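Colleague: Structure provided below as structure tokens; questions to follow.
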Amino acid sequence: MSDSSSIVLVLTTVQSEQDAKRLADDLVSQSLAACVQIDGPIKSHYRWAGRIEENQEFRLMIKTAITTWPKVKVRLLKEHPYDEPEIIMIPIAEASDGYRKWIIEQTN
Amino acid sequence: MSDSSSIVLVLTTVQSEQDAKRLADDLVSQSLAACVQIDGPIKSHYRWAGRIEENQEFRLMIKTAITTWPKVKVRLLKEHPYDEPEIIMIPIAEASDGYRKWIIEQTN
Amino acid sequence: MSDSSSIVLVLTTVQSEQDAKRLADDLVSQSLAACVQIDGPIKSHYRWAGRIEENQEFRLMIKTAITTWPKVKVRLLKEHPYDEPEIIMIPIAEASDGYRKWIIEQTN
């Protein structure tokens, strides 16, 4: 499989389901993602100003082509409500062939 | 760690919790997976015939040996209710040793 | 990106939300994780003593530095309520730069 035909998983989180849906539809309508799944509510635990905080969030699982990932990152940094959002990319080693092709076709 | 002792994560999604449980139990009973977790309901956003659709789905997170993954893909393509299901494989770089061995022992 | 500046995703599961929160806060307070998300309830299917079992669980998604991962594994093996817990590590290939730096700063 050549590198340019690979697909990846991109994860980000937001605080409201409304923001999650807005980002999901934005990415799909811009052909930056073939499919976005929204999980949640989930509970995020982290340290802020010396205290441990717990917040409710929703997670986006974004499926896109590896060649589209740089544009997804730029778009999320622009559209995301947080100043410093989690945006992480996880490689998909293999996939069913029809699904991989569908992801590639739906993105640019 | 040699390649044949590696374990992987396989993800797929279905529309009903009933189908999710059927596929999970099928994979475990066939020794194609040591453990399957069902997440959801989740919300999937994608483009279909020029429109953005939103559907409820359930996600299977399948833990298996890398050497069993090709059989998992074949089995899912046969048993999955969708014509073109998402079937993606993500490598697990490392794991607790006892858990990795348990996954390998439970699958073939 | 040098190896020591990479970040990873660590997954584990427990049976109660209370144990999930205890482990999440323990890892964050020990600077072993920058952020832990708790998903669930999820449904786990697996074989035990020849029978297929279904259990409710909660999943921790732990974000940490790759250099901290060995300490996370040791800590989870000590604090986890199961004898043989799932502890798996998935590499994050790329991330938004600010988020990656935040993860590295928060862990040791």
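The values are calculated or read from the model by the stated rules, or taken from the named source; none is laboratory data. Since the structure is predicted, the reported quantities are computational estimates derived from the model, not experimental observations. All Cβ positions, even for glycine, are placed from backbone atoms using ideal geometry, and neighbour counts span all protein chains on display.
Colleague: Is it true that C:ILE42 is more than 9 Å from chain A (Cβ to nearest Cβ), of a type in the set (Val, Ile, Thr) and touching a strand residue (DSSP E or B) at 6+ places or on another chain (Cβ under 7 Å)? Let's see the steps before the verdict.
Modeller: Values: more than 9 Å from chain A (Cβ to nearest Cβ): yes; of a type in the set (Val, Ile, Thr): yes; touching a strand residue (DSSP E or B) at 6+ places or on another chain (Cβ under 7 Å): yes.
Yes.
Colleague: Which of the residues spanning the range C:4-25 are over 23 Å from C:ASN55 (Cβ atoms), surrounded by fewer than 23 Cβ atoms within 10 Å (Cβ to Cβ), more than 12 Å from the chain's Cα centre (by Cα) and at pLDDT 95 or above?
Modeller: Answer for the range C:4-25, where residues must be over 23 Å from C:ASN55 (Cβ atoms), surrounded by fewer than 23 Cβ atoms within 10 Å (Cβ to Cβ), more than 12 Å from the chain's Cα centre (by Cα) and at pLDDT 95 or above: just C:SER6.
Colleague: Out of A:ILE52, A:ILE66, A:ILE90, which single residue is among the β-branched types (Val, Ile, Thr) and farther than 30 Å from C:ASP19 by Cα?
Modeller: When all the criteria are applied, what remains is A:ILE66.
Colleague: Further, regarding this structure: Of all residues in the range A:33-62 being more than 22 Å from C:ILE103 (Cβ to Cβ), of a type in the set (A, V, I, L, M, F, W, C) and within 10 Å of the chain's Cα centre (by Cα), which is surrounded by the most Cβ atoms within 10 Å (Cβ to Cβ)?
Modeller: Residues of the range A:33-62 more than 22 Å from C:ILE103 (Cβ to Cβ): A:33-38, A:41.
This time we only want the ones that are of a type in the set (A, V, I, L, M, F, W, C), so: A:33-36, A:38.
Now restrict to residues that are within 10 Å of the chain's Cα centre (by Cα): A:33, A:35-36, A:38.
On the way: A:ALA33: 31, A:CYS35: 24, A:VAL36: 27, A:ILE38: 20.
So, considering only residues that are more than 22 Å from C:ILE103 (Cβ to Cβ), of a type in the set (A, V, I, L, M, F, W, C) and within 10 Å of the chain's Cα centre (by Cα), the one surrounded by the most Cβ atoms within 10 Å (Cβ to Cβ) is A:ALA33.
Colleague: Can you tell me which of (1) facing chain C (nearest Cβ under 9 Å); (2) at pLDDT 95 or above is the one A:ILE92 doesn't meet?
Modeller: Every listed condition holds for A:ILE92 apart from (1).
Colleague: Any chance you could count how many residues in the range A:18-52 are of a type in the set (Gly, Ala, Ser), without any contact (Cβ under 8 Å) to a residue 12 or more places away in the chain and farther than 20 Å from C:CYS35 by Cβ? It would help to see each step written out before you state the result.
Modeller: Taking the range A:18-52 first, the residues of a type in the set (Gly, Ala, Ser) are A:20, A:24, A:29, A:31, A:33-34, A:40, A:44, A:49-50.
Subset that is without any contact (Cβ under 8 Å) to a residue 12 or more places away in the chain: A:29, A:49-50.
After this cut, where a residue has to be farther than 20 Å from C:CYS35 by Cβ as well, the list is A:29.
Of the residues in the range A:18-52, 1 are of a type in the set (Gly, Ala, Ser), without any contact (Cβ under 8 Å) to a residue 12 or more places away in the chain and farther than 20 Å from C:CYS35 by Cβ.
Colleague: Would you confirm, using the coordinates I've provided, whether B:THR13 is within 17 Å of A:VAL36 (Cβ to Cβ), away from chain C (no Cβ under 11 Å) and of a type in the set (Val, Ile, Thr)? It would help to see each step written out before you state the result.
Modeller: Details: within 17 Å of A:VAL36 (Cβ to Cβ): yes; away from chain C (no Cβ under 11 Å): yes; of a type in the set (Val, Ile, Thr): yes.
When the stated conditions are applied, B:THR13 passes them.
Colleague: Something else about it: What residue, among those in the range A:70-82 that are closer than 20 Å to C:ILE92 by Cβ and more than 7 Å from every other protein chain (Cβ to nearest Cβ), is surrounded by the fewest Cβ atoms within 10 Å (Cβ to Cβ)?
Modeller: Pass one, the range A:70-82, residues closer than 20 Å to C:ILE92 by Cβ: A:70-77, A:80, A:82.
So of that shortlist, the ones also more than 7 Å from every other protein chain (Cβ to nearest Cβ) come out as A:70-72, A:74-76, A:80, A:82.
Numbers: A:PRO70: 11, A:LYS71: 18, A:VAL72: 22, A:VAL74: 13, A:ARG75: 17, A:LEU76: 23, A:HIS80: 19, A:TYR82: 16.
My answer is A:PRO70.
Colleague: Ok, one more. Taking the stated definitions as given, is C:VAL28 buried (at least 20 other Cβ atoms within 10 Å of the Cβ), closer than 25 Å to B:ILE62 by Cα and not aromatic (Phe, Trp, Tyr)? Spell out how you get there, then give the answer.
Modeller: Numbers: buried (at least 20 other Cβ atoms within 10 Å of the Cβ): yes; closer than 25 Å to B:ILE62 by Cα: no; not aromatic (Phe, Trp, Tyr): yes.
Considered against the rule, which asks whether it is buried (at least 20 other Cβ atoms within 10 Å of the Cβ), closer than 25 Å to B:ILE62 by Cα and not aromatic (Phe, Trp, Tyr), C:VAL28 comes out as no.
Colleague: Shifting gears a bit: When the range B:19-39 is examined, which residues are found to be within 9 Å of another protein chain (Cβ to nearest Cβ) and more than 30 Å from A:ARG22 (Cβ to Cβ)? Break it down stepwise before answering.
Modeller: Here is the first cut: in the range B:19-39, the ones within 9 Å of another protein chain (Cβ to nearest Cβ) are B:20-21, B:24-25, B:27-29, B:31, B:33-39.
B:LYS21, B:ALA24, B:ASP25, B:LEU27, B:VAL28, B:SER29, B:SER31, B:ALA33, B:ALA34, B:CYS35, B:VAL36, listed by residue number.
Colleague: Name the residues in the range A:83-108 that are acidic (Asp, Glu) and surrounded by 15 or more Cβ atoms within 10 Å (Cβ to Cβ), would you? First the steps, then the outcome.
Modeller: If we filter the range A:83-108 for residues that are acidic (Asp, Glu), which is where we start, we get A:83-84, A:86, A:94, A:97, A:105.
Matches in the range A:83-108: A:GLU86, A:GLU94.
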